[in-house]
Every structure is written in C-alpha cells, then in structure tokens.
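> The structure is given below, and queries will be raised subsequently.
The values are calculated or read from the model by the stated rules, or taken from the named source; none is laboratory data. Just so it is clear, the structure is predicted and the values come from calculations on it, not from any experiment. Note that each Cβ is placed from the backbone with ideal geometry, even for glycine, and that neighbours are counted across all protein chains shown.
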C-alpha cells in the first residue's frame, strides 16, 4: 500500500489514480472531473466552490488565465463586517483559507520526469527538484502550488537585496524570505555587547547570522530545525564567504553552551498555521517566543544580552497584550535593558483596502535588549 495520499478520477470511461501532492497539507479532493479549454470561468468557479476539483487537460496558459479568473470572482464576494480587530483577523484568515481551498481545486498532472504534459507548459524540472527533491514518480498537484514553485525558484535564483547587508539573500521554497528590512536595520544598528560569539536562534535563510558576522562578530552559531532552512542558510553563508565565521547547527532553539549575545526573530503572530509554510509567520500559543525567553537566561554569559525582534502587530489585532509579553519576560528571569523601535515600510502598511489596515498602520517593530536579572 502506498504511504502517500492518492487521488482518483474517471477519464474516458476508465478509473485512474495518482499520488496526491500538497505542500500545504490539503487533503486529496474527493470529487474530480476532467476540464479543458471549453470550460467557462463561471462553471469552473461553481464547481470549485462546491469542492469539485478540475483536472486540467487543456492548454497550460489557459489554465493560468482560468486561475486568475477564479481569483477575481473570489475577490467580488463581500467581506464579513468586523467590529473588532480580532474579528477582522479571524474573518481575514477564514477568507484566506477559503480562497486557498477554491483556487487549489484546479489541478495538473506531473509525470515522473517533473514535466507537465500540456500544451505550452513551462519547464518545471529545476523548480520541482529544488522544492521536492528527486522525483518519486508521477503525481497530481494544484496549479497554484506549481506557480508557487516557479515563483520560489525565481526568488532563489535572483535573490533578495538586503540593504543592511549590502548583498543578496537567496531564499529556498518554504523558507521565509527576509523581505521586511526594517528589523534587519535594527540589528545592524544596535550596540553589540561583544564581538566574540553570538547565537542566532531559528536562522531561516541565515540573514541575521550573516549580518552579525558582517558586523564583526568573530563566531556565530546559527540554529534551525527545518531541513530546507538548514540547507538554505548554509548556501547563503557560502555565497557570502562567511562559512568560516558562521556555524549552522540543527537544534531546537539553543545550541550547547553560553554566549554574550543571543538573537531571535520568532514568528510574530500567536495563531495556528494552516500549512507548514506558515510556521514562519504564525507561532501557535507563542511556543517559540516562550521557548526563547524561558531558555535565554541559562544560555547568556554574565552581562550578556538577548535580542528579541518582535512586531506588536499581534497586540493591535488583540491576539496578545503588551502586559502578557512583559509578564513572559519577567517570569523567565529577564529584564529589559532597552528597546529600539521602527515603523514598517512595506506596502501593506499604507494599503487602506487591506482588511487588517487598522492594525498594520499602527504596527511597530522592536528590538528588545534583554538581560538576566
């Protein structure tokens, strides 16, 4: 029996099946029909909204256009009116989840060579190898996921310019891209308590570790649990010629030993992720935040500092109060030495059409300088 989920459908009078692939963890659709260029966008939207998946047999570029048409129809649906910030957040998450489910109903088949057997289909072999690894056979996947793979491949190839670093960081598929530079500017400008050693907890792409090394820290130990992030950080540090200064370790939060500087940029929103990729954004029950704070004092050298990089967006959404954060810090045997704040400059901060605009426009990102009491 296959260990993978299986999707089944009937085509030309014969029952067929294939492995189901979903990085977001969505279950294989139970109802699947064959669709091609003759299908109208309205009919496709009705079927997808009802939970019927459309396995595409037409032109690939037409499938992309159909996906865009489905997205436009979703956007026309009226939003639920929210009376509180937390309602706005919950309604937004529900709408995002429903949107993902509906758009995820347009499917394509991928063969064992990572090729899509459709007219005008792009070459996705490299993008699939980067995201999935070596092929284990044919599968069916949502077109939306394939487009995500292609986009991630372009980001990985071209990189993201990091002003504070004066260089590019190349994120992998599924590893959070450091597109918000304001928190990196805080790290670039805060006074270093020591240049001997630093720990970077949950390094992701390795950008913070690289920034610390570039600032003159002699040795940085960067920890991470996710296999993709470990590989991503190692490659970025190699590109930046910093592998002799930065050691990347697989670890749950802290490495062994103590350091005069320990930095952590945990996910900022204490909510449940709806997919594995969202763990970089959502920290259920503030698990990583609490783990960092509760373990910090034991890993700090005398007169050492812990730098917590955290947005207060969760506070403006009503998901965590400032007093709760301060109580976490105190309960962990820590004190606040100083806090440096900055305002976000990303486009959503000024987008009045964003359902979370009220909270985003008030958001502040802070570097909390912490020490053991």
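> If the requirement is being touching a strand residue (DSSP E or B) at 6+ places or on another chain (Cβ under 6 Å), buried (at least 17 other Cβ atoms within 10 Å of the Cβ) and either at negative phi or in a strand (DSSP E or B) (or both), which of these qualifies: 67, 39?
Numbers: 39 fails: touching a strand residue (DSSP E or B) at 6+ places or on another chain (Cβ under 6 Å).
When all the criteria are applied, what remains is 67.
> Restricting attention to segment 297-306, does a residue exist that is under 27 Å from the mean Cα position of the chain (by Cα), surrounded by fewer than 18 Cβ atoms within 10 Å (Cβ to Cβ) and in contact (Cβ under 8 Å) with a residue 40 or more places away in the chain? I'd like the intermediate steps shown before the answer.
First pass over segment 297-306, keeping only residues under 27 Å from the mean Cα position of the chain (by Cα): 306.
Going one step further and asking which of them are surrounded by fewer than 18 Cβ atoms within 10 Å (Cβ to Cβ), we end up with none.
Checked against the condition, which is being under 27 Å from the mean Cα position of the chain (by Cα), surrounded by fewer than 18 Cβ atoms within 10 Å (Cβ to Cβ) and in contact (Cβ under 8 Å) with a residue 40 or more places away in the chain, segment 297-306 yields no hits at all.
> What number of residues within segment 254-269 are touching a residue at least 24 places away in the same chain (Cβ under 8 Å) and over 18 Å from the mean Cα position of the chain (by Cα)?
Qualifying residue count, segment 254-269: 9.
Table: residues versus (1) in a loop (DSSP other than H, G, I, E, B); (2) modelled with pLDDT of 95 or more.
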| residue | (1), (2) |
| --- | --- |
| 147 | no, yes |
| 150 | no, yes |
| 156 | no, yes |
| 174 | yes, no |
| 180 | yes, no |
| 193 | yes, yes |
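> Let me ask something additional. Filter segment 108-118 down to residues that are closer than 11 Å to residue 56 by Cβ and part of a loop (DSSP other than H, G, I, E, B) and give me whichever is nearest to the chain's Cα centre (by Cα). Reasoning before the result, please.
So in segment 108-118, the residues closer than 11 Å to residue 56 by Cβ come out as 108-109, 116-118.
Now restrict to residues that are part of a loop (DSSP other than H, G, I, E, B): 116-118.
Values: 116: 26, 117: 30, 118: 30 Å.
Top of the filtered list is 116.
> Name the residue that is modelled with the lowest pLDDT, counting only residues in segment 242-293 that are assigned to a helix (DSSP H, G or I) and touching a helix residue (DSSP H, G or I) at 6+ places or on another chain (Cβ under 8 Å).
Start the filter on segment 242-293 by keeping residues that are assigned to a helix (DSSP H, G or I), which leaves 276-280, 284-293.
The next check asks that each one be touching a helix residue (DSSP H, G or I) at 6+ places or on another chain (Cβ under 8 Å); those that pass are 286, 289-290, 293.
Values: 286: 94, 289: 97, 290: 97, 293: 98.
The qualifying residue modelled with the lowest pLDDT is 286.
> Take residue 327 and decide whether it is surrounded by fewer than 16 Cβ atoms within 10 Å (Cβ to Cβ) and free of Cβ contacts under 8 Å to residues at least 60 places away in the same chain. If you could, list the steps in order and put the result at the bottom.
Details: surrounded by fewer than 16 Cβ atoms within 10 Å (Cβ to Cβ): yes; free of Cβ contacts under 8 Å to residues at least 60 places away in the same chain: yes.
Against the criterion (surrounded by fewer than 16 Cβ atoms within 10 Å (Cβ to Cβ) and free of Cβ contacts under 8 Å to residues at least 60 places away in the same chain), residue 327 qualifies.
> OK, next. Residue under question is residue 127, and the condition is that it be surrounded by 19 or more Cβ atoms within 10 Å (Cβ to Cβ), at pLDDT 95 or above and farther than 26 Å from residue 8 by Cβ; does it hold?
Answer is yes for this residue.
> Against the condition free of Cβ contacts under 8 Å to residues at least 12 places away in the same chain and surrounded by fewer than 16 Cβ atoms within 10 Å (Cβ to Cβ), how does residue 137 come out, does it pass?
Numbers: free of Cβ contacts under 8 Å to residues at least 12 places away in the same chain: no; surrounded by fewer than 16 Cβ atoms within 10 Å (Cβ to Cβ): yes.
Against the criterion (free of Cβ contacts under 8 Å to residues at least 12 places away in the same chain and surrounded by fewer than 16 Cβ atoms within 10 Å (Cβ to Cβ)), residue 137 does not qualify.
> Just the residues that are over 17 Å from residue 145 (Cα atoms) and touching a helix residue (DSSP H, G or I) at 6+ places or on another chain (Cβ under 7 Å), please, taken from segment 36-66.
37, 41, 44, 45, 49 - these are the residues of segment 36-66 that are over 17 Å from residue 145 (Cα atoms) and touching a helix residue (DSSP H, G or I) at 6+ places or on another chain (Cβ under 7 Å).
> Also, quick follow-up: Among residues belonging to segment 2-25 that are in contact with a strand residue (DSSP E or B) (Cβ under 8 Å, 6 or more places away or on another chain) and closer than 14 Å to residue 142 by Cβ, point out the one that is surrounded by the most Cβ atoms within 10 Å (Cβ to Cβ).
Of everything passing the filter in segment 2-25, 7 is surrounded by the most Cβ atoms within 10 Å (Cβ to Cβ).
> I'd like to check something: does segment 196-217 contain any residue that is part of a loop (DSSP other than H, G, I, E, B), outside the structural domain of residue 257 (by TED's automatic domain parsing), closer than 16 Å to residue 232 by Cβ and out of contact with any strand residue (DSSP E or B) (no Cβ under 6 Å at 6 or more places or on another chain)?
Going residue by residue through segment 196-217, those that are part of a loop (DSSP other than H, G, I, E, B) are 196-197, 202-206, 215-217.
Remaining after also requiring outside the structural domain of residue 257 (by TED's automatic domain parsing): none.
Within segment 196-217, not a single residue is part of a loop (DSSP other than H, G, I, E, B), outside the structural domain of residue 257 (by TED's automatic domain parsing), closer than 16 Å to residue 232 by Cβ and out of contact with any strand residue (DSSP E or B) (no Cβ under 6 Å at 6 or more places or on another chain).
> For segment 218-241, which positions are assigned to a loop (DSSP other than H, G, I, E, B) and within 25 Å of the chain's Cα centre (by Cα)?
The initial filter retains those residues of segment 218-241 that are assigned to a loop (DSSP other than H, G, I, E, B), namely 218-219, 225-226, 240-241.
Across segment 218-241, the qualifying residues are 225, 226, 240.
> Mind checking whether some residue in segment 151-160 is in contact (Cβ under 8 Å) with a residue 40 or more places away in the chain and under 24 Å from residue 268 (Cβ atoms)?
First, the residues of segment 151-160 that are in contact (Cβ under 8 Å) with a residue 40 or more places away in the chain: none.
The answer is no, given that none of the residues of segment 151-160 is in contact (Cβ under 8 Å) with a residue 40 or more places away in the chain and under 24 Å from residue 268 (Cβ atoms).
> Another question, then. Which condition number does residue 322 fail, the rest of (1) at pLDDT 95 or above; (2) farther than 28 Å from residue 83 by Cβ being met?
(2)
> Now a separate question. Answer yes or no as to whether residue 61 is outside the structural domain of residue 169 (by TED's automatic domain parsing), in a helix (DSSP H, G or I), over 24 Å from residue 356 (Cβ atoms) and without any contact (Cβ under 8 Å) to a residue 60 or more places away in the chain.
On the way: outside the structural domain of residue 169 (by TED's automatic domain parsing): yes; in a helix (DSSP H, G or I): yes; over 24 Å from residue 356 (Cβ atoms): yes; without any contact (Cβ under 8 Å) to a residue 60 or more places away in the chain: yes.
Yes: the conditions hold for residue 61.
> Quick one: in segment 312-324, which of the residues that are touching a helix residue (DSSP H, G or I) at 6+ places or on another chain (Cβ under 8 Å) and in contact (Cβ under 8 Å) with a residue 24 or more places away in the chain is surrounded by the fewest Cβ atoms within 10 Å (Cβ to Cβ)?
The first filter runs over segment 312-324 and keeps only residues touching a helix residue (DSSP H, G or I) at 6+ places or on another chain (Cβ under 8 Å), leaving 312-313, 315-322.
Next, from what is left, pick out any that are in contact (Cβ under 8 Å) with a residue 24 or more places away in the chain: 312-313, 316-320.
Values: 312: 18, 313: 21, 316: 19, 317: 24, 318: 15, 319: 19, 320: 22.
Among those residues, the one meeting the criterion is 318.
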